[in-house]
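Below you'll find the structure, written out as structure tokens, and then a few comments.
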Amino acid sequence: MLGNKIRGYVRLFFFALSSMLAFIAVVLVGLLPVNRYKIRLKIRRIWAKSAVWILNYKVQLKGHFPHDRNYLYVGNHRSSLDPFVCLALPRS
């Protein structure tokens, strides 16, 4: 029981740390005179994938999704992690 609490606090700490680092990176990229959108999206994707990994979530796609179509992901709102899962989905 105590081990689960400690593990939870450690995960919370690393989630907060990764969130702060991602926030700082996004702000610093805003100061650069380059195409910020692609860089910020990459930072958010890395952050979301790390959050899903830190929080020990498993993301699975079932079936075949053709690459020549667009899709809409609809979360079931069973948790507040739907945005992380959306960003952590593989692009191809």
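The values are calculated or read from the model by the stated rules, or taken from the named source; none is laboratory data. Please read these numbers as outputs of a predicted model, since none were measured by experiment. Counting neighbours? That spans all protein chains shown, and the Cβs are built from the backbone with ideal geometry, glycine included.
Cβ-Cβ contacts under 9 Å between residues 6 or more apart (or on different chains), taken from a first residue in segment 23-44 that is touching a residue at least 24 places away in the same chain (Cβ under 8 Å) to a second residue that is surrounded by 11 or more Cβ atoms within 10 Å (Cβ to Cβ), are listed as R44/A22; R44/V26; R44/L87.
Checked against the criterion of being surrounded by fewer than 10 Cβ atoms within 10 Å (Cβ to Cβ) and either in a helix (DSSP H, G or I) or out of contact with any strand residue (DSSP E or B) (no Cβ under 8 Å at 6 or more places or on another chain) (or both), segment 39-53 contains not a single residue that satisfies it. When each of Y73, Y57 is tested for being on the phi < 0 side of the Ramachandran plot, part of a loop (DSSP other than H, G, I, E, B), aromatic (F, W, Y) and modelled with pLDDT under 80, the lone residue that passes is Y73. Of all residues in segment 54-90, those satisfying the criterion of being loosely packed, with under 15 Cβ neighbours inside 10 Å and either among the aromatic types (F, W, Y) or in contact (Cβ under 8 Å) with a residue 40 or more places away in the chain (or both) are N56, Y57, F65, Y71, Y73.
Scanning segment 51-92 for residues that are more than 27 Å from F13 (Cβ to Cβ) and among the basic types (K, R) yields a count of 3. Just a yes or no: is a residue in segment 12-34 surrounded by 12 or more Cβ atoms within 10 Å (Cβ to Cβ) and of a type in the set (V, I, T)? Among the residues of segment 12-34, at least one is surrounded by 12 or more Cβ atoms within 10 Å (Cβ to Cβ) and of a type in the set (V, I, T), which makes the answer yes.
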